[in-house]
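Quick one: structure below, then a few questions.
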């Protein structure tokens, strides 16, 4: 699975406890979802095409779980954070 972030916008002036950003998640050349974080320390907010229970989103979550991660919670957020870090 080839996952990339596109249309990344980082809003450092609005970042408080975490990075305030918005981006699109693309998988294998197709837009999967929009992701954003308000920079106030909470989890990312996802708006996947086909919904959170759609098969494409579920496959993406399983892909995230299969990757190395530091904690056993917010695994999808950890994966997106890594991509965001690589982007900046």
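Whether any residue in the range 22-29 is loosely packed, with under 15 Cβ neighbours inside 10 Å, at pLDDT 95 or above and not in a strand (DSSP E or B) is what I want to check.
Looking through the range 22-29, at least one residue is loosely packed, with under 15 Cβ neighbours inside 10 Å, at pLDDT 95 or above and not in a strand (DSSP E or B).
Quick check on residue 51: is it at positive phi and in contact with a helix residue (DSSP H, G or I) (Cβ under 8 Å, 6 or more places away or on another chain)? Before you say what the answer is, go through the steps one by one.
On the way: at positive phi: yes; in contact with a helix residue (DSSP H, G or I) (Cβ under 8 Å, 6 or more places away or on another chain): yes.
For residue 51, the condition - at positive phi and in contact with a helix residue (DSSP H, G or I) (Cβ under 8 Å, 6 or more places away or on another chain) - is met.
Does residue 49 satisfy the condition of being without any contact (Cβ under 8 Å) to a residue 40 or more places away in the chain, loosely packed, with under 14 Cβ neighbours inside 10 Å and within 12 Å of the chain's Cα centre (by Cα)?
Against the criterion (without any contact (Cβ under 8 Å) to a residue 40 or more places away in the chain, loosely packed, with under 14 Cβ neighbours inside 10 Å and within 12 Å of the chain's Cα centre (by Cα)), residue 49 does not qualify.
Taking the stated definitions as given, is residue 77 in a helix (DSSP H, G or I), surrounded by 11 or more Cβ atoms within 10 Å (Cβ to Cβ), out of contact with any strand residue (DSSP E or B) (no Cβ under 8 Å at 6 or more places or on another chain) and touching a residue at least 24 places away in the same chain (Cβ under 8 Å)?
In short, yes.
The values are calculated or read from the model by the stated rules, or taken from the named source; none is laboratory data. Everything quoted here is computed from the prediction, not taken from an experiment. FYI the Cβ positions are ideal-geometry reconstructions off the backbone, even for glycines, and counts take in every protein chain you see.
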